[in-house]
Amino acid sequence: MSPANPVILTHASGHASFVNSKALQLSGISKSTPNPPGGELLKDASGEPTGLLRERASGLIRRGVGEPAPTAEERLARNRRILELASREAVSKGVTTFQDAGSAFSDVDLMKTMVDEGKMGVRLWIMIRENNAALAQSLAKYRIVDYGGGHLTVRAIKHSIDGALGSRGAWLLEPYSDKPDSTGLNTTPIGVIAATATLAVQHGYQLCVHAIGDRANRETLNIFEQAFKANPAKRDLRWRVEHAQHLSLSDIPRFGQLGVIASMQGIHCTSDAPYVPERLGLKRAEEGSYVWQKLMKSGAIGSNGTDAPVEDVDPIANYYATVSRRTASGTVFFPDQRMSRMEALKSYTLNAAFAGFDEGTRGSLAVGKYADVTVLSKDILTVAEDQIPTAQVTYTIVGGKILYKK
């Protein structure tokens, strides 16, 4: 449709891209281009690239060819506007604290400036996403807790050990049922994450690792366990697996045993459910996919979120998915793993606060905690299940101030 212009479409998950021939040409990608570490260039029967790029292969595309680079002032103004809009959107959906899964040190500098200016409505809890050299240099000076009246905390590090199930980038112990020649992709070398784990312990940071496939989760738990054994004096580290979507039965108890937090997103279950059995087969799907009750019974703490912008930041839609596991077609995905309404509410409030060492200041309404209150139009604990999605945010109050009113 656009042979003379380069086009790139990025999948909502961020784990795959689709480009046209012009983009491949300008980026120097041909049939002789090898797969990069942690990525895959899909090729047709003759060996020509099709334009579908999985995981880190998307980084081969040269963006902005022929365009003038923005000035430092233009980048700063753009990033400031992005943060303003994101804060406004989060608050309008009833979110009072947002756990950000991967920002650069330069992003933190801007966030801190905007907090100082009183321009940040939502509270921010930040995971740093930088290479190990940058982490070693700057972790000590960037660690801050409850800065600006509780509006900025930086005490976590983010890594991704694999990709997503939809793009078949999730790293599996056994091949995909619908792609027997693939077990997915390891997107960050184990040694790199293990070195980050050492830095995290040294500097008092939580380590948060994106892991979706069962192999990815096992390798992440192994890294965590080795770090814990090497530092027996360090207790209650609350390291996190971000997503923990597809687990081997033998690894489920390890979350509780190790004290690892399963940081999950209920709405991913209902969004992914239509293709999970195709990717994994029915047996693997039932044994280990979105096994919230099994994890809780292991003694694990599970927190909840939406993984915006992969999903809408709306907590109500996510809450509904968590208690119903009902897909758009009306089917229910392995209903025995649903959370009760109170379990789901706790996963989104107290447990999420606990997952960031914030249970002393937020997560429940109690004397001495921040006056962060979300008022809904309906009681989601008691209304008929199919009425939960119709509940709306009436007020969002942060620190006793009304920041949103419907």
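Which of the following residues is in contact with an Asp or Glu (Cβ under 9 Å, 6 or more places away or on another chain), touching a residue at least 40 places away in the same chain (Cβ under 8 Å), among the polar types (S, T, N, Q) and surrounded by 14 or more Cβ atoms within 10 Å (Cβ to Cβ): Ser13, Ser58, Ser17? Walk me through it before giving the result.
Details: Ser58 fails: in contact with an Asp or Glu (Cβ under 9 Å, 6 or more places away or on another chain); Ser17 fails: in contact with an Asp or Glu (Cβ under 9 Å, 6 or more places away or on another chain).
Just a single option satisfies the conditions, and that option is Ser13.
On the phi > 0 side of the Ramachandran plot and either β-branched (Val, Ile, Thr) or free of Cβ contacts under 8 Å to residues at least 60 places away in the same chain (or both), is that true of Gly368? Can you show your working first?
On the way: on the phi > 0 side of the Ramachandran plot: yes; either β-branched (Val, Ile, Thr) or free of Cβ contacts under 8 Å to residues at least 60 places away in the same chain (or both): yes.
Answer is yes for this residue.
Considering only segment 365-406, state which residues are more than 23 Å from the chain's Cα centre (by Cα) and of a type in the set (Ser, Thr, Tyr).
Residues satisfying the conditions are Tyr370, Ser377, Thr382, Thr390, Thr394, Tyr395, Thr396, Tyr404.
Residues are listed down the side, and each one gets a yes or a no for (1) buried (at least 22 other Cβ atoms within 10 Å of the Cβ); (2) among the aliphatic types (A, V, I, L, M); (3) in the same structural domain as Ser87 (by TED's automatic domain parsing):
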site: Val310; (1), (2), (3): no, yes, yes
site: Asn318; (1), (2), (3): yes, no, yes
site: Thr331; (1), (2), (3): no, no, yes
site: Arg338; (1), (2), (3): yes, no, yes
site: Ala344; (1), (2), (3): yes, yes, yes
site: Ala355; (1), (2), (3): yes, yes, yes
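Of everything in segment 106-146, what is among the charged types (D, E, K, R), part of a strand (DSSP E or B) and in contact with a His (Cβ under 8 Å, 6 or more places away or on another chain)? Give them in sequence order. Write out each step before concluding.
In the first step, residues of segment 106-146 are kept if they are among the charged types (D, E, K, R); the result is 107, 109, 112, 116-117, 119, 123, 129-130, 141, 143, 146.
So of that shortlist, the ones also part of a strand (DSSP E or B) come out as 123, 146.
Listed by number, the list holds a single entry, Arg123.
Determine which single condition Val145 fails, assuming it passes every other condition in (1) within 21 Å of Ala285 (Cα to Cα); (2) surrounded by fewer than 18 Cβ atoms within 10 Å (Cβ to Cβ).
The number of the failed condition is (1).
Say we look at segment 269-288 and pick out the residues that are small (Gly, Ala, Ser) and either in contact with an Asp or Glu (Cβ under 8 Å, 6 or more places away or on another chain) or at pLDDT below 95 (or both); which of these is nearest to Ala86 (Cα to Cα)? Give the steps one after another, and end with the answer.
First, the residues of segment 269-288 that are small (Gly, Ala, Ser): 271, 273, 281, 285, 288.
Filter again for either in contact with an Asp or Glu (Cβ under 8 Å, 6 or more places away or on another chain) or at pLDDT below 95 (or both), leaving 271, 288.
Numbers: Ser271: 23, Gly288: 34 Å.
Looking at the filtered set, the residue picked out is Ser271.
The values are calculated or read from the model by the stated rules, or taken from the named source; none is laboratory data. These numbers come from a predicted model, not from an experiment. Note: ideal-geometry Cβ built from the backbone for every residue, glycine included; neighbour counts use all protein chains shown.
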